[in-house]
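Structure first, commentary second.
Read-outs: derived from the displayed coordinates by stated rules, not from any lab. Just so it is clear, the structure is predicted and the values come from calculations on it, not from any experiment. Note that each Cβ is placed from the backbone with ideal geometry, even for glycine, and that neighbours are counted across all protein chains shown.
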Amino acid sequence: MRLKDKVAIVTGGGIGIGRAYAMGLAKEGARVVVADIQDQEAEEVAAEIRRLDGDALAVHVDVTSPGKTRAMAEAAVKRYGRIDILVNNAALYSAIKKKPFAEITGEEWDNVMAVNLKGLFFCVQAVYPAMKNQGKGKIINISSGTALGGTPFFLHYVTSKAGVIGLTRALARELGPDRICVNAITPGLTISSPEQEATLTREQLSDRRGRRALQRDQYPQDLVGTVIFLSSDDSDFMTGQTINVDGGTHMY
Ligand SMILES: NC(=O)c1ccc[n+]([C@@H]2O[C@H](COP(=O)([O-])OP(=O)(O)OC[C@H]3O[C@@H](n4cnc5c(N)ncnc54)[C@H](O)[C@@H]3O)[C@@H](O)[C@H]2O)c1
């Protein structure tokens, strides 16, 4: 077990890829705070981890609220005494529809930025005091391959995920003296739930497979190993990096 007794917060851990991160971290021995705006889903994931003899706590959070992100970090420290890992995964993704940029309203743009970019910033602010006191921490920001490929008709989302890469780099420099590592992951199109799969046509999935060196569909489990690595001591000298996990669609 590579994360024995470490304490990890996974935002958006109640469904989809975040759920896979929460389960994967718990399997490696981490005590997991499953933080989500969807309370029942977060409770179910925490219960599933406990059923498998792990340790988990479900916490309500809206990452757009600095008060709620602070409360999330306080709940983690109250229960487990420390915070070692933050997986900044919560985002508006499945909930938004692709559309031409000219049809995106200012309100839609602001909502996406509030969750996908400002939300990560508030979560880092919330966990920072604990990580600084401990003299070590791991922050993993979930960006997206759309920021590498410039996916069209998704301008607010793609822009927010490109922002995550800049946020990761600047924070890595700022938090390096505190021995806090800040890295990002850019997942390729991932089949994260039956509902999300239903929004993708056979042609879209076949087109994605064709663009990969490893020509198959991508699933949440394909991303879990990278999150565990970035959470573990094995990556202690890596920071400010963006790791691309997409079966070899983009090669930089
Ligand atoms: N699925 C993909 O193809 C794909 C590809 C690249 C990157 N990503 C990224 O991976 C992450 C997970 O993707 P997914 O497919 O599971 O997304 P999803 O949309 O299915 O789930 C997002 C999660 O974030 C939570 N959330 C949304 N708003 C919140 C808020 N204000 N406060 C707290 N939690 C909130 C949701 O409740 C949910 O648990 C996201 O950051 C997404 O942008 C996904």
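One table, with the values for the structure above:
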{"read-out": "Cβ-based charge dipole, the chain, positive-most Cα from Cys123, Gly16, Met251", "value": "Met251"}
{"read-out": "Global geometry of the chain, whether rounded, prolate or oblate, following the gyration tensor of its Cα atoms and the 1.5 cut on a/c", "value": "rounded"}
{"read-out": "For the chain, built as a Gaussian network whose Cα springs stay under 10 Å, the top-fluctuating residue of Arg169, Arg179, Arg211", "value": "Arg211"}
{"read-out": "Rounded to whole Hz, the Karplus (6.51, -1.76, 1.60) HN-Hα couplings of segment 79-84, x for glycine and proline", "value": "7, 10, x, 6, 9, 9"}
{"read-out": "Built amide H within the under 5 Å cut-off of Val59, gap 5+", "value": "Val34, Ala35, Asp36"}
{"read-out": "FRET efficiency, Asp236 to Asp55 (Cβ-Cβ, R0 25 Å, nearest 0.05)", "value": "0.60"}
{"read-out": "Gaussian network model of the chain, Cα within-10 Å springs - most flexible of Ile180, Ile96, Ile17", "value": "Ile96"}
{"read-out": "Estimated dipole of the chain in Debye, rounded to 20 [Cβ of Lys and Arg +1, of Asp and Glu -1, Cα centre]", "value": "540"}
{"read-out": "Of Val34, Val127, Val224, the one that fluctuates the most in a GNM where the chain has Cα springs shorter than 10 Å", "value": "Val224"}
{"read-out": "Expected 222 nm ellipticity per residue - DSSP helices of 4 or more, -39500 (n - 2.57), all of the chain, to 500", "value": "-14000 deg cm²/dmol"}
{"read-out": "Long-range amide H partners of Leu86 with built H, under 5 Å", "value": "Ile9, Lys138, Ile139, Ile140"}
{"read-out": "Residues whose placed amide H lies under 5 Å from that of Ala184, excluding near-sequence neighbours", "value": "Asn141, Gln241, Thr242, Ile243"}
{"read-out": "³J(HN,Hα) computed for each position of segment 130-138 - Karplus, 6.51 cos²θ - 1.76 cosθ + 1.60, integer Hz, glycine/proline x", "value": "5, 5, 4, 4, 6, x, 5, x, 10"}
{"read-out": "In Hz, Karplus ³J(HN,Hα) per residue of segment 234-246 (6.51, -1.76, 1.60; θ = phi - 60°; x = Gly, Pro)", "value": "4, 10, 4, 9, 10, 8, x, 8, 10, 9, 8, 10, 8"}
